[in-house]
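The values are calculated or read from the model by the stated rules, or taken from the named source; none is laboratory data. Keep in mind that this is a model prediction, so the values were computed, not measured. Note that each Cβ is placed from the backbone with ideal geometry, even for glycine, and that neighbours are counted across all protein chains shown.
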2 protein chains.
Amino acid sequence: MELLDGQLVSNIIKEGLKLQVGQLTVEGKKVPHLAAVLVGNNGASETYVGAKVKTCSEIGFRSTLLRLDADTSENRLLNIIDDLNNDVDIDGILVQLPLPKHISDEKVINAILPSKDVDGFHPINVGKMVQGLPAFISATPHGILLLLEHYKINTKGKHAVVVGRSNIVGRPMSVLLSSNTPTGNCTVTLCHSHTPNLSELCRQADIIVAALGKPEFVTADMVKEGAVIIDVGITRVPDSSKKSGFALKGDVKFDEVAPRCSYITPVPRGVGPMTIAALMKNTFMACEERSGGSLI
Amino acid sequence: MELLDGQLVSNIIKEGLKLQVGQLTVEGKKVPHLAAVLVGNNGASETYVGAKVKTCSEIGFRSTLLRLDADTSENRLLNIIDDLNNDVDIDGILVQLPLPKHISDEKVINAILPSKDVDGFHPINVGKMVQGLPAFISATPHGILLLLEHYKINTKGKHAVVVGRSNIVGRPMSVLLSSNTPTGNCTVTLCHSHTPNLSELCRQADIIVAALGKPEFVTADMVKEGAVIIDVGITRVPDSSKKSGFALKGDVKFDEVAPRCSYITPVPRGVGPMTIAALMKNTFMACEERSGGSLI
């Protein structure tokens, strides 16, 4: 069994971007600039946005964090997005979700210029991804593909079972793994809350992507010997033995599943760091594109 | 075994639309107007476009058929699309594919106003469909859903195996059948040319959607007793016993598969007529939307 070390691969990707940013600076060119918008004071959102801004600074990207009060109106937020769309210095825009209930996620996401939509949530980026056209792929699925690529996991002709059909992870993973690309060409089964025989299907899988958000859901008896396991879940579970009072658990019961696998992502230090690395890669691409490339 | 009679259901849908158009006329409102663009003289395309225009006239829609020479430039076609986009009388625009090689399908499809894209091929409609938002669903998948709906086929919790991952049929069907909707909530396995154990997977299926374009590919030994079979294929196969010299064959070996099924679409008179009915439904929706609805 080999660990798919998201922390390691994420560091490699970030180092690569850092070098590229250094090169841009030497050449007197613009460096990537990410704008992050955070509405309200959700603790998890603070953490996520904080990590993204910190990573920008580590690799030499510029970043702008806009903190807005929880009672910011939808119109005000849409105006801010509009300003960011029109700001020639901004390459990528991310609005941290979830938004307060009085604001429509959909309206806000659709307002972001698709060419600055580094989270890849705009329907036009989703549609292009599905059609196999160049597009921003949202950060978690993109990060998983980068991890598979780094470890040269052979996906072609393999049976991937994706558990969970969220718009952010499960659904795009099911599309990407079945697309005609070097990290695709899997036969893909997409399972969800209405799948009656989930264990049976998982046991057929060469690759399992667990993205349902239920800690330790995937157990050893659901996993075929030699399978590749991608664990997207990360849930705080009370644990009195920890100083913090909680432990982070993935969707996979790691201790019993790991010995059966060929490869497995740990939690933490698996998919999580890859998500940020992928976001940085998207932001770099957005900057390149705006400087005259033609990827998106 | 019961036939999923696409001709019958298509007629019912068209009758319904005819009544609705009659009502619009009585109320002095605008009737739906479809613009179809045909470039060159491809025989099959002529037939398809002809059938669409004829159906418009049968149900009281207006239609405009623009026939362009095979050597029409891409720019000229894009200008025509632009005119149709801006023409307040036109509700839906379809450009019959394939286009001549010197014209980019992608550029042309992306030029159609999403709110007039009744074929549902624009990435923004594809993305919205994937995200479960209101969107034009392309005609063949939409037609199949209407057929499932008419026969009250229970899809929830069923295992659907979709064979073929085309952007036009297989891919969107895999998404729609797994979505959280009354004709969705299936566990979906998407198979394609790189799937090694296709027969084994098909045998697990409660529902098979065969959309690979290989005549009589799905045989009885690949089908579980009681399965629902949707045959999207339609290929001309030489047949000297026919006056025309050919027979139309689906992707399913009908004679041997039918006795095993609970439901099966015939070819012809199955999915084909449903495709046209769905296109008409999309055009009606586009007209409603432009007259002040809020569906798309």
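Can you find, within the range B:155-180, the residue that is nearest to the chain's Cα centre (by Cα) among those that are among the small types (Gly, Ala, Ser) and part of a loop (DSSP other than H, G, I, E, B)? Walk me through how you get there before you give the answer.
First, pick out the residues of the range B:155-180 that are among the small types (Gly, Ala, Ser): B:157, B:160, B:164, B:166, B:170, B:174, B:178-179.
The next check asks that each one be part of a loop (DSSP other than H, G, I, E, B); those that pass are B:157, B:164, B:166, B:179.
Working: B:Gly157: 24, B:Gly164: 15, B:Ser166: 12, B:Ser179: 18 Å.
Taking the candidates together, the pick is B:Ser166.
List pairs: first in the range B:141-169 and in contact (Cβ under 8 Å) with a residue 12 or more places away in the chain, second buried (at least 24 other Cβ atoms within 10 Å of the Cβ) and aromatic (Phe, Trp, Tyr), Cβ under 6 Å, 6+ apart or cross-chain?
So the pair list comes out empty.
If we keep just the residues of the range A:46-60 that are out of contact with any Leu (no Cβ under 6 Å at 6 or more places or on another chain) and in contact (Cβ under 8 Å) with a residue 24 or more places away in the chain, which is farthest from A:Asn85 (Cα to Cα)? Explain how you work it out, then say what you get.
Kept after step one, since they are out of contact with any Leu (no Cβ under 6 Å at 6 or more places or on another chain), are these residues of the range A:46-60: A:46-48, A:50-52, A:54-55, A:57-58, A:60.
Within this subset, residues satisfying the condition of being in contact (Cβ under 8 Å) with a residue 24 or more places away in the chain are A:48, A:51-52, A:55, A:58, A:60.
On the way: A:Tyr48: 22, A:Ala51: 23, A:Lys52: 20, A:Thr55: 22, A:Glu58: 25, A:Gly60: 22 Å.
Looking at the filtered set, the residue picked out is A:Glu58.
Among the residues of the range B:166-220, which ones are of a type in the set (S, T, N, Q) and away from chain A (no Cβ under 12 Å)?
Once the filter is applied, which keeps residues that are of a type in the set (S, T, N, Q) and away from chain A (no Cβ under 12 Å), the range B:166-220 yields B:Thr183, B:Ser199, B:Thr219.
Please enumerate the residues belonging to the range B:104-118 that are crowded, with 23+ Cβ neighbours inside 10 Å and touching a residue at least 60 places away in the same chain (Cβ under 8 Å). Spell out the reasoning first.
We begin by selecting, within the range B:104-118, every residue crowded, with 23+ Cβ neighbours inside 10 Å; these are B:112, B:116-118.
Correct list: B:Lys116, B:Val118.
Residue under question is B:Ile144, and the condition is that it be of a type in the set (A, V, I, L, M, F, W, C) and under 30 Å from B:Leu78 (Cα atoms); does it hold?
Taking the combined requirement at face value, the residue does not satisfy it.
So which of B:Val108, B:Val88 is over 19 Å from B:Phe121 (Cβ atoms) and at pLDDT 95 or above?
B:Val88
If a residue must be free of Cβ contacts under 8 Å to residues at least 24 places away in the same chain and over 24 Å from B:Asp87 (Cβ atoms), how many such residues does the range B:24-45 contain?
Within the range B:24-45, residues that are free of Cβ contacts under 8 Å to residues at least 24 places away in the same chain and over 24 Å from B:Asp87 (Cβ atoms) number 3.
Here is a list of conditions, (1) more than 27 Å from B:Asp5 (Cα to Cα); (2) within 14 Å of chain A (Cβ to nearest Cβ), and B:Leu77 meets all of them except one; can you say which number that is?
Only one criterion in (1) more than 27 Å from B:Asp5 (Cα to Cα); (2) within 14 Å of chain A (Cβ to nearest Cβ) is unmet by B:Leu77, namely (2).
Could you list all residues from the range B:224-235 that are more than 19 Å from the chain's Cα centre (by Cα) and either within 13 Å of B:Thr140 (Cα to Cα) or surrounded by 13 or more Cβ atoms within 10 Å (Cβ to Cβ) (or both)?
Across the range B:224-235, the qualifying residues are B:Lys224, B:Ala227.
So if I check each of A:Thr195, A:Thr187, A:Thr219, which one is in contact with a Lys or Arg (Cβ under 9 Å, 6 or more places away or on another chain), within 16 Å of B:Thr187 (Cα to Cα) and in the same structural domain as A:Cys261 (by TED's automatic domain parsing)? Before the answer, list the steps.
Details: A:Thr195 fails: in contact with a Lys or Arg (Cβ under 9 Å, 6 or more places away or on another chain); A:Thr219 fails: within 16 Å of B:Thr187 (Cα to Cα).
Exactly one of A:Thr195, A:Thr187, A:Thr219 is in contact with a Lys or Arg (Cβ under 9 Å, 6 or more places away or on another chain), within 16 Å of B:Thr187 (Cα to Cα) and in the same structural domain as A:Cys261 (by TED's automatic domain parsing), namely A:Thr187.
How many residues, within the range B:106-154, are over 17 Å from B:Glu289 (Cβ atoms), at the interface with another protein chain (Cβ under 9 Å from one of its Cβ atoms) and in a loop (DSSP other than H, G, I, E, B)?
So the count comes out to 3.
Could you grab me the full set of residues in the range A:25-75 that are closer than 22 Å to A:Pro98 by Cβ and among the aromatic types (Phe, Trp, Tyr)?
A:Tyr48 - this is the single residue of the range A:25-75 that is closer than 22 Å to A:Pro98 by Cβ and among the aromatic types (Phe, Trp, Tyr).
Would you confirm whether any residue within the range B:4-26 is under 19 Å from the mean Cα position of the chain (by Cα) and hydroxyl-bearing (Ser, Thr, Tyr)?
First pass over the range B:4-26, keeping only residues under 19 Å from the mean Cα position of the chain (by Cα): B:4-17.
So of that shortlist, the ones also hydroxyl-bearing (Ser, Thr, Tyr) come out as B:10.
Looking for residues that are under 19 Å from the mean Cα position of the chain (by Cα) and hydroxyl-bearing (Ser, Thr, Tyr), one finds at least one in the range B:4-26, hence yes.
Among A:Asn185, A:Asn197, which is within 19 Å of A:Leu147 (Cβ to Cβ) and at pLDDT 95 or above?
A:Asn185
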